[in-house]
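Visitor: Attaching a single structure in structure tokens format; questions to follow.
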Amino acid sequence: MPEATTTSQVSTAVADRARPERSLPPVSVAIATRGRTVTLRRALDAIWAQTYRGRIDVVVVIDDARAPADLGLPAPLDPSRQSLRVVVNDRRPGVAGARNTALALAEHDLLATCDDDDAWLPGRLDCQVRALEADPALLAVGGSVRIVRGDVHTVRRAPRHRVHLQDLLDSRVMELHPSALLYRTRPLRVVGGWNEDIPGGYAEDYELLLRLARSGPLGLVDDVVADVHWNGGSHFFSRWRTVSAALAALLGAFPEFAASPRGCARISGQIAFAHAAAGERAEARTWMRRAWSDNRREPRLALTALVLAGVTPDRIQDALHARGRGI
């Protein structure tokens, strides 16, 4: 279903279109990809269809040296203000290394990211550039997203307009999704970009947001800015040992979690679930006790108990994804 548009949104969009293109800040775009050419084409089509009249320069980073040189990608619709560059990841294999490859090539003060299986809505850059211009303190901005799972669409509304470190410790804030984020490039480089040392590269986007939020606030717009496709194709869908190792490392890397019992319980519950899904029952119970000590209402305790009782983890994930939620 298309999103409703208010009179104020229409007025602002008209004003943006009347603004000279040369006064709009140019935007670099980073897309990391591996083996998903069909959905990558859809992502690029959505970028070329942006209503934003400023310059858009896209770098697609192939995280697979064996991939063919010609992917048959859609060309820019307006070459006078849109460009496409395709390169191979020259850093550590994985999403973090691929995004850092794109970050090194980014020429503009703003950098947007998109997963290769998602798609932007047409007005995404308009509203997000406007938000960053209105609030110079923001280091990055996300927005409401629409979870797409087959024919089921679930909108996840931005819960607030400003997100601070404490908010991110308490909750992942899923609306700060990689396919919905527009960063200021300089702060992104100051914190070192994406962490390529995380076990398996899991939760590299969340880890980056935590480091950014140590320096300043992040923002969210009310507009739905991206379709996030959940069809069971995640790289980490059943790599439970990788998930548990990465999340345990995350807790160790951010002592700030000590000030967020809710956040500690959330991640401990995720680790417990991952251990249970991997058949590591003793480890699962250990992390359940940790989650229980921080927050007895942590919902992942019940989910982990279901896995320990014999319910398959994929069945639980499928049920959550159908509601636009995850573990």
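Visitor: For segment 51-64, what does the Karplus curve 6.51 cos²θ - 1.76 cosθ + 1.60, with θ = phi - 60°, yield as ³J(HN,Hα) per residue in whole Hz, taken in order and with x for Gly and Pro?
Guide: For segment 51-64, the Karplus-derived couplings read 6, 4, 9, x, 6, 10, 10, 9, 10, 9, 10, 8, 8, 6 Hz, x marking Gly and Pro.
Visitor: Starting from the Cα of Arg36, step 7 Å along the direction of its Cβ; do the same at Ser23; then give the gap between the two resulting points in nm.
Guide: Between Arg36 and Ser23, the simple spin-label model gives 3.8 nm.
Visitor: In a GNM of the chain with a 10 Å cut-off on Cα contacts, which of Ala134, Ala102, Ala305 has the highest mean-square fluctuation?
Guide: Maximum among the listed residues: Ala134.
Visitor: Follow-up question, since we're still on this one. Treating the angle as unsigned and between 0 and 90°, give the value, to the nearest 10°, between the Cα long axis of helix 240-253 and the longest Cα principal axis of the chain.
Guide: Long axis of 240-253 versus the principal axis of the chain: about 80 degrees.
Visitor: Would you please classify the overall shape of segment 261-327 from the alpha carbon gyration tensor, given that a ≥ b ≥ c denote the square roots of the eigenvalues, rounded means a/c under 1.5, and beyond that prolate means a/b larger than b/c while oblate covers the rest?
Guide: Taking the square roots of the gyration eigenvalues as a ≥ b ≥ c, segment 261-327 is oblate.
Visitor: Still on this structure, I have one more. Are there trypsin sites (Lys or Arg not before Pro) in segment 218-327 that DSSP puts in a loop and that have at most 11 other Cβ atoms within 10 Å, and which ones?
Guide: Arg296, Arg297, Arg323
Visitor: In deg cm²/dmol and to the nearest 500, what is the mean residue ellipticity at 222 nm of the chain if only DSSP H runs of at least 4 residues count, each as -39500 (n - 2.57), divided by the residue total?
Guide: That calculation yields -12000 deg cm²/dmol at 222 nm.
Visitor: Moving on. Starting from 0.36 nm per residue, how many nanometres of slack lie between Ala309 and Asp90 once their C-alpha separation is accounted for?
Guide: 74.4 nm
Visitor: Oh, and also: Please give the contour-minus-distance gain from Leu71 to Val190: 0.36 nm per residue of separation, less the Cα-Cα distance, rounded to one decimal in nm.
Guide: 39.5 nm
Visitor: Using only Cα atoms and rounding to the nearest 10 degrees, what angle (0 to 90) does helix 7-18 make with the longest principal axis of the chain?
Guide: Relative to the chain, helix 7-18 is tipped by roughly 50 degrees.
Visitor: Next up: R0 = 25 Å: FRET efficiency of Arg325 with Ala137, Cβ-based, nearest 0.05?
Guide: Working from the Cβ atoms, E equals 0.20.
Visitor: Here's something else I'd like to know. So for the chain, Kirkwood radius off the Cα pairs, Stokes-Einstein at 37 °C and 0.692 mPa s: how many µm² s⁻¹?
Guide: Here the translational diffusion coefficient equals 160 µm²/s.
Visitor: Can you pull the one-decimal nm distance between simple spin-label points at Arg160 and Glu283, each 7 Å off the Cα toward Cβ?
Guide: 3.4 nm
Visitor: Let me ask something else about it. Treating the angle as unsigned and between 0 and 90°, give the value, to the nearest 10°, between the Cα long axis of helix 124-134 and the longest Cα principal axis of the chain.
Guide: 90 degrees
No lab work stands behind these numbers, since they all come straight from the coordinates. Everything numeric in this text was worked out from a predicted model, so none of it was measured. Here the Cβ is made from the backbone with ideal geometry for all residues, glycine too, and neighbour counts use every protein chain on show.
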